[in-house]
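To start, the structure itself, in structure tokens.
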Amino acid sequence: MKQRIRDLAGKKNAILLAHNYQPPEIQDIADLCGDSLELSIQAAKTTADIIVFCGVHFMAETAAILCPDKTVLLPDPEAGCPMADMVEPVALTARKNALGNIPVVTYVNSSAAVKAVSDICCTSANVIDVINALDADQVLMTPDRNLARYAAGHTDKTIHLWDGYCPFHNNLTREDVADARQKHPGALFMAHPECPPDVLAVADTIQSTSGMIRYAKNSPHREFIIGTEVGLLHPISKANPDKQFFPASSKMLCNDMKKITLEKIRHSLETLTGKVTVPEHIRKNALGSVQKMIDRV
Ligand code: 13P
Ligand code: SF4
């Protein structure tokens with residue numbers, strides 16, 4: 001199956017991009033694995049005709065926003081993101097207006113329609129840079145309230161929150177972390193900024209998914225507790241074969257990220273089904289927000 005997929009990708013000039021939470025067998029055949037920022041940058045610069053996005057819908061949509069002339073495939077069109085569904089454009093615009101038209105910073109975990117009514121996008125890897133670079137004292141951040149609170153601790157600006165969250169990161173508790181620390185004394189605890197503030201308060205470091213992989217590489221520590229979706233255990237262990245990684249909680253499993261399978265990738269590539277497109281009037285406006293973020297890298 002893996003060989004069949006690689007052959008099809010070669011024949012059709014397709015690139016396979018996989019998020020760090022994807023099942024191991026998918027990460028192992030992808031052309032590039034990474035966090036949301038790295039995958040967006042790669043999508044923007046690829047010369048392939050087809051982008052097979054092994055991730056969730058908003059990621060494939062971001063690729064379609066950046067590359068309107070390419071075919072973007074999401075091997076399971078049902079792979080969504082519950083947090084992205086927690087904000088929609090009409091309510092967001094109403095809130096922005098009620099706050100005096102202040103800039104809206106939107107996490108890439110959002111629909112194209114939401115990006116289209118936003119001023120700039122961010123990911124977990126660049127949120128602080130993006131907010132600090134804005135020429136405004138107040139910003140509205142959507143949809144992740146935890147990411148917004150994290151950013152608020154690293155800026156002088158006033159951050160207005162939207163009440164969205166990732167159900168899996170938001171469920172991680174201080175007790176889970178304390179239990180993991182008890183089992184692995186001496187291990188460093190890394191947390192994703194989608195975790196709640198009381199969990200971030202006890203983290204040794206707060207990183208995006210690829211940030212965690214780099215941090216482990218550069219750290220003299222040998223054991224780490226991972227406060228993000230359990231899929232990260234694969235790439236972080238692969239990149240650091242001499243170190244040990246333990247999940248902060250086995251409850252942190254994103255069902256949508258696991259909807260992509262090798263069989264679905266093969267089918268999608270063979271039949272070109274699962275195309276993700278964005279209506280042009282939305283795409284043009286969403287591109288402004290995404291491109292502003294990418295231009296800052
Ligand atoms: P990053 O890989 O950008 O840190 O994002 C985490 C995430 O939840 C993606 O859905
Ligand atoms: Fe969305 Fe959370 Fe899954 Fe990431 S891990 S795709 S934020 S539900």
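The values are calculated or read from the model by the stated rules, or taken from the named source; none is laboratory data. Everything quoted here is computed from the prediction, not taken from an experiment. Don't worry about glycine lacking a Cβ; one is built from the backbone with ideal geometry, like all the others, and counts go over all protein chains shown. For the accessible areas, the whole protein counts, side chains as well, though only heavy atoms, and no ligand, DNA or RNA atoms are used. Shrake-Rupley method; radii C 1.70, N 1.55, O 1.52, S 1.80 Å.
Among the residues of the stretch 39-69, just one is of a type in the set (D, E) and within 15 Å of ligand 2 (Cβ to nearest atom), namely E61.
Screening Q3 with (1) out of contact with any strand residue (DSSP E or B) (no Cβ under 7 Å at 6 or more places or on another chain); (2) among the polar types (S, T, N, Q); (3) within 16 Å of ligand 1 (Cβ to nearest atom) gives one miss only, at (3). Residues in the stretch 7-50 that are over 22 Å from A79 (Cα atoms) and open to solvent by 50 Å² or more (accessible area, probe 1.4 Å): D7, G10, K11, K12, N13, K45, T47, D49.
Residues that are of a type outside the set (S, T, Y) and at positive phi occur in the stretch 174-194; there is at least one. Tell me, which residue of the stretch 23-53 that is of a type in the set (S, T, N, Q) and more than 16 Å from G211 (Cα to Cα) is farthest from ligand 1 (Cβ to nearest atom)? Among them, the one singled out is T47.
Among the numbered conditions (1) closer than 20 Å to I294 by Cα; (2) assigned to a loop (DSSP other than H, G, I, E, B); (3) touching a strand residue (DSSP E or B) at 6+ places or on another chain (Cβ under 8 Å), the only one that W162 does not meet is (1). In summary, K70 fulfils each of the numbered conditions (1) farther than 29 Å from I5 by Cα; (2) touching a strand residue (DSSP E or B) at 6+ places or on another chain (Cβ under 9 Å); (3) open to solvent by 10 Å² or more (accessible area, probe 1.4 Å) with the single exception of condition (1).
Note on the stretch 125-161: residues that are surrounded by fewer than 23 Cβ atoms within 10 Å (Cβ to Cβ) and aromatic (F, W, Y) amount to 0. Only one of the numbered conditions (1) of a type outside the set (F, W, Y); (2) under 30 Å from A9 (Cα atoms); (3) open to solvent by less than 70 Å² (accessible area, probe 1.4 Å) is violated by E280, and that is (3).
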